[in-house]
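Participant: The structure's right below; bear with me while I get my questions together.
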Amino acid sequence: MPEPATRPARIGRAVSGRVLPVAALAALVVYAVAVPWWAGPQTADFSQALRGPGPAHWFGTDHSGHDLFVRAAEGLRVSLAIALACAVTATVLGVAVGAAAASAGGRVDMLLMRVTDGVNALPHLLLGVVVVALYPGSPWAVIASISLTHWPQVARIVRAEMLSVRSAEYVEAAYLWGSTRRAVLLRHLLPAALPQAAVGLVMLLPHAVWHESTLSFLGLGLPPDEASLGTLLEVARGDVFTGAWWTLAAPAGVLVATTLATAGSSGVLGPGPRRARGPGVRRGTAAVPGTAAPGAIARDVPAAESPEPAVRVRGLTLRLPTDDGRLVHAATGVDLDLHAGRLTALVGESGCGKSTLASALCGLLPQGTRSAGSVRIAGREVPAADERAWRGLHGRVVGLAGQAGAATFTPVRRLGPQLAEVAASLGAPTPVPELLARVGLEGSAADKYPHELSGGMAARAVLAAALAGDPAVLVADEPTAGLDPDLAGQVLRLLRGAADRGTAVLVITHDLQALDTAGAADAVAVMYAGRIVEHGPAERVLTAPEHPYTGALLAALPGRGLRPLPGLPPELTDPPGEGSFAERWGGTDVAGR
Amino acid sequence: MSLVAEGVTCRYGQQTVLDGVDLTVEPGRVLGLTGPSGSGKSSLARILTGLRSPDSGTVLADGRPVAARRGRMSGDLGLLHQSPRAATDPRMRLRGIIAQPLTARARGTGPGARGAGRKADEARRVAELARRVGLTGDLLDRRPDQVSAGQLQRACVARALAAAPRYLVCDEPTAMLDAASTATVAHLLTSLAEDGVGILAISHDHALLAAWAHDVVDLSRLGAPHTGHPAGRRASP
């Protein structure tokens, strides 16, 4: 089929937000290194003393006639060098202490953490003053006084990160195949903690600049012949009162600019937002014209659409751009009808595009998705990109029960108030006990925190929230995932109940077994590689499938032979072929049989 | 020669989760273990592999006590976790994940086995394992968050194969998978048993175990509390 030629638009704001501070920092570093080198050694020229900023002296001159543009660069160079030394020393110390505490555990951990607390409790400036007073004018004393007081934060971060990884299942697995403690430390614990430590290092940098400047300003830091920004500020103190504001403004401006640029740059170093698989950023889609595709669909659902279905999807094609400029072919020419009072099941392997289709029906496609075809809800055409139209539909007309389970709710609040909030925001008057009763939960569940809910209870709670606005359409994405067969059956019966009360229900699931056992579905649509390959009454599809893929899917069920499907599930990202099931037969045979 | 648990008891505070469980996992067979939620299936898996010490009772692998000290484990026992996402380091690529046990073993053999030869050998082994579990080459260069749960669990099976344990405990290995991937993973593990590995397949899915395992035992009849100690608790014939 024809592919949209336009490349996905890059998100400019996010990029400039990362590039700007780094560029500013780079410019400042160049300024600090290049300007003193270019200007050469400066000599005092009292005939030029205290000139204001102008073409000859951009930042003006100080009371000795030094050019402040050059002087501030020299000061910045000293400040940056000392701050970098401090930040690196403190980070190395912090990583060493944190790693030792986390990997040793027990008493060593306790001892090291008490020491960390102790150092943290010392007044940093006071300690700095004492150390520097013992070795006046020594840059090493300044570095030592700052780095010896600033490692505890890094140590805490590193220890916490390593503790959380230490009990991870992949670390357990590594121990089981005979890895030594040292190997686990090097392969898993340190790699997990180092990105955090790097952020700590960058955050320490501006802090150390300020700390050193403070010491120098107090006259305890570096002598005027090795001026840092703080020394310049101290020198400027007297001149400001004579009206020479620029003597203060030049070093202060450079100091503030450096701090802002460094703090901003730390965001670039950080681990960054974890890239989500599938729908991540919501909102905003672009329509793509001319991609209607003929679907080879074995369908025997009544094509006559006498009563307008609650949801009518025709020729829906969805293309999701990935970060590296490829396209995920999530849906291709999908036709689907959801009728009031009927439960339709959408089945297929993981990663066949089911959940993206669900997002499309709820107006929650990721940013930049290109779509073609039509989605009509309650008789009205709703373009995928029309955010405002969708906003009125969310929860009230189309309810979504996502697959996150207990993670759907805020972990720090009880269930009851959260459900009440959902109902209130939808303008639904239903009290919480009734919402809970609808999904077979007892009133006491309202007092539980999300983590206290069992898998089955969480699935019900998610349904309660989705049904709070009495939507005409309910989309349930993998409502039975991770539930044992009994619980899965109960949840499917709840959904059946919702359909019997007149809701159009779409259940997206890969759990054919539960679907078959519960007998809850009226119709079953089978999805393969983004296409609906078969769609018909549940009984017929599950007993006498017409499409070979449906047959293979059913044969994989434990009760029907547990036969693996041939080859590998199809790739939806820039698929090489048509994505038909027949192509898969040529794939690698599993397990070398 | 088998993995034998005798009188294993496990307590969390006042609560007794396992009470005198006897279980035998034999090489070359798939033993199914089922039981309701909270009956201590996962605790038993951790005890059998040495990740947790039983409060009383013994676990012997081929007659020797199971090593329970981290960093000193023998590698004879493997554990296949329920969630492949939690069981893989999110920072590594699939290729590296599968190679991990090989790398760890190579370090153990000392300075003789270093260099380019070892690297090439390792790459060859990884490719071979990937082919066996049905992972294509392009998937090997991805990180865990870029593949599906089914694909990642295949990588975990490949990693378990690379570790070459004598006994593999599988704690709900298919709970996160769709029916098609479940069938694939079940067949892979069966083929592993045919190579002589003893497999303990823990699952709440009775239908799956009935179709897959050679024998099935119910933990609630083996020594979960309040059920008494019926005679003939030995799990495996």
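The values are calculated or read from the model by the stated rules, or taken from the named source; none is laboratory data. Here the structure is a predicted model, which is why all the values come from computation and not from measurement. All Cβ positions, glycine included, derive from the backbone under ideal geometry; neighbour counts span all protein chains shown. Please note that ligands, DNA and RNA were not included when accessible areas were found on the heavy atoms of the full protein model with its side chains. Shrake-Rupley method; radii C 1.70, N 1.55, O 1.52, S 1.80 Å.
Participant: In segment A:110-156, what count of residues is obtained for those that are free of Cβ contacts under 8 Å to residues at least 12 places away in the same chain and open to solvent by less than 70 Å² (accessible area, probe 1.4 Å)?
Facilitator: Number of matching residues: 3.
Participant: Which one of A:R159, A:R166 is modelled with pLDDT of 90 or more and open to solvent by 50 Å² or more (accessible area, probe 1.4 Å)?
Facilitator: That would be A:R159, the only listed residue that is modelled with pLDDT of 90 or more and open to solvent by 50 Å² or more (accessible area, probe 1.4 Å).
Participant: Still on this structure, please answer the following. Just checking, which of B:A87, B:A104 is over 14 Å from the mean Cα position of the chain (by Cα) and open to solvent by less than 60 Å² (accessible area, probe 1.4 Å)?
Facilitator: Values: B:A87 fails: over 14 Å from the mean Cα position of the chain (by Cα).
Only one candidate passes the filter, namely B:A104.
Participant: (1) away from chain B (no Cβ under 14 Å); (2) open to solvent by less than 30 Å² (accessible area, probe 1.4 Å); (3) at pLDDT below 90; (4) assigned to a helix (DSSP H, G or I): which one isn't true of A:A465, the others all being true?
Facilitator: (3)
Participant: Being in contact (Cβ under 8 Å) with a residue 40 or more places away in the chain, within 34 Å of the chain's Cα centre (by Cα) and closer than 20 Å to A:L255 by Cα, is that true of even one residue in segment A:58-81? I'd like the intermediate steps shown before the answer.
Facilitator: Of all residues in segment A:58-81, those in contact (Cβ under 8 Å) with a residue 40 or more places away in the chain come to A:59-60, A:62-63, A:68-69, A:71-80.
Add one more test, that the residue is within 34 Å of the chain's Cα centre (by Cα), and what stays is A:80.
Pick out the ones that are also closer than 20 Å to A:L255 by Cα and you get A:80.
Yes, segment A:58-81 has at least one match.
Participant: Further, regarding this structure: Are there helices (runs of 4 or more DSSP H) fully within segment A:338-448 with at least 1 residues that are over 15 Å from A:A476 (Cα atoms), modelled with pLDDT under 85 and open to solvent by 70 Å² or more (accessible area, probe 1.4 Å)? List them. First the steps, then the outcome.
Facilitator: Numbers: elements: A:354-361, A:387-393, A:415-425, A:432-438.
Of the helices (runs of 4 or more DSSP H) lying wholly inside segment A:338-448, those with at least 1 residues that are over 15 Å from A:A476 (Cα atoms), modelled with pLDDT under 85 and open to solvent by 70 Å² or more (accessible area, probe 1.4 Å) span A:387-393.
Participant: Tell me, please, whether a residue that is assigned to a helix (DSSP H, G or I), at pLDDT 90 or above and farther than 30 Å from A:Y31 by Cα can be found in segment A:82-94. Walk me through it before giving the result.
Facilitator: First pass over segment A:82-94, keeping only residues assigned to a helix (DSSP H, G or I): A:82-94.
When the remaining residues are screened for being at pLDDT 90 or above, the result is A:82-94.
Then drop every residue that is not farther than 30 Å from A:Y31 by Cα, which leaves A:93-94.
Yes: segment A:82-94 contains one or more residues that are assigned to a helix (DSSP H, G or I), at pLDDT 90 or above and farther than 30 Å from A:Y31 by Cα.
Participant: Identify, by number, the condition in (1) assigned to a helix (DSSP H, G or I); (2) open to solvent by 20 Å² or more (accessible area, probe 1.4 Å) that A:A250 doesn't meet.
Facilitator: (2)
Participant: Looking at (1) in a helix (DSSP H, G or I); (2) of a type in the set (S, T, N, Q); (3) free of Cβ contacts under 8 Å to residues at least 60 places away in the same chain, which one does A:S179 not meet, given that it meets all the others?
Facilitator: (1)
Participant: So if I check each of A:G579, A:G536, which one is open to solvent by less than 20 Å² (accessible area, probe 1.4 Å), in a loop (DSSP other than H, G, I, E, B) and in contact with a strand residue (DSSP E or B) (Cβ under 8 Å, 6 or more places away or on another chain)?
Facilitator: Numbers: A:G536 fails: in a loop (DSSP other than H, G, I, E, B).
After ruling out the rest, the residue left standing is A:G579.
Participant: From the list B:V133, B:V185, B:V147, which one is in contact (Cβ under 8 Å) with a residue 24 or more places away in the chain, open to solvent by less than 10 Å² (accessible area, probe 1.4 Å), at the interface with another protein chain (Cβ under 9 Å from one of its Cβ atoms) and within 26 Å of A:R326 (Cα to Cα)?
Facilitator: Working: B:V133 fails: within 26 Å of A:R326 (Cα to Cα); B:V185 fails: within 26 Å of A:R326 (Cα to Cα).
Just a single option satisfies the conditions, and that option is B:V147.
Participant: State yes or no: is A:S179 buried (at least 22 other Cβ atoms within 10 Å of the Cβ), at pLDDT below 90 and within 14 Å of chain B (Cβ to nearest Cβ)? First the steps, then the outcome.
Facilitator: Numbers: buried (at least 22 other Cβ atoms within 10 Å of the Cβ): yes; at pLDDT below 90: yes; within 14 Å of chain B (Cβ to nearest Cβ): yes.
Spelling it out, A:S179 is indeed buried (at least 22 other Cβ atoms within 10 Å of the Cβ), at pLDDT below 90 and within 14 Å of chain B (Cβ to nearest Cβ).
Participant: I would also like to ask the following. Those residues that are assigned to a loop (DSSP other than H, G, I, E, B) and within 19 Å of A:F69 (Cα to Cα), I need them from segment A:213-234; list them, please.
Facilitator: Here is the first cut: in segment A:213-234, the residues assigned to a loop (DSSP other than H, G, I, E, B) are A:218-223, A:227-228.
Listed by number, the residues that qualify are A:A227, A:S228.
Participant: Can you pull out every residue in segment A:418-452 that is touching a helix residue (DSSP H, G or I) at 6+ places or on another chain (Cβ under 8 Å) and on the phi > 0 side of the Ramachandran plot?
Facilitator: The answer is A:G440, and nothing else.
Participant: Can you tell me which residue within segment A:539-556, out of those that are of a type outside the set (A, V, I, L, M, F, W, C) and part of a loop (DSSP other than H, G, I, E, B), is surrounded by the fewest Cβ atoms within 10 Å (Cβ to Cβ)? Before the answer, list the steps.
Facilitator: Residues of segment A:539-556 of a type outside the set (A, V, I, L, M, F, W, C): A:539-540, A:543, A:545-551.
Within this subset, residues satisfying the condition of being part of a loop (DSSP other than H, G, I, E, B) are A:545-547.
Working: A:P545: 21, A:E546: 15, A:H547: 20.
Only one residue tops the list, namely A:E546.
Participant: Then there's this: Select from segment B:47-81 the residues that are out of contact with any helix residue (DSSP H, G or I) (no Cβ under 8 Å at 6 or more places or on another chain), surrounded by fewer than 22 Cβ atoms within 10 Å (Cβ to Cβ) and among the hydrophobic types (A, V, I, L, M, F, W, C) and write down the one among them that is farthest from the other protein chains (Cβ to nearest Cβ).
Facilitator: Looking only at segment B:47-81, we keep the residues that are out of contact with any helix residue (DSSP H, G or I) (no Cβ under 8 Å at 6 or more places or on another chain), and these are B:47-48, B:55-58, B:60-65, B:67-69, B:72, B:74, B:76.
From the residues that got through so far, the ones that are surrounded by fewer than 22 Cβ atoms within 10 Å (Cβ to Cβ) too are B:55-58, B:60, B:62-65, B:67-69, B:72, B:74, B:76.
Okay, now just the ones that are also among the hydrophobic types (A, V, I, L, M, F, W, C), so B:60, B:67-68.
Details: B:L60: 17, B:A67: 9, B:A68: 10 Å.
Of everything passing the filter in segment B:47-81, B:L60 is farthest from the other protein chains (Cβ to nearest Cβ).
Participant: Mind checking which strands (runs of 3 or more DSSP E) fall wholly inside segment B:1-66 and carry at least 2 residues that are more than 17 Å from B:A201 (Cα to Cα)? Let's see the steps before the verdict.
Facilitator: Working: elements: B:3-12, B:15-25, B:30-34, B:56-61.
It comes to B:3-12, B:15-25, B:56-61.
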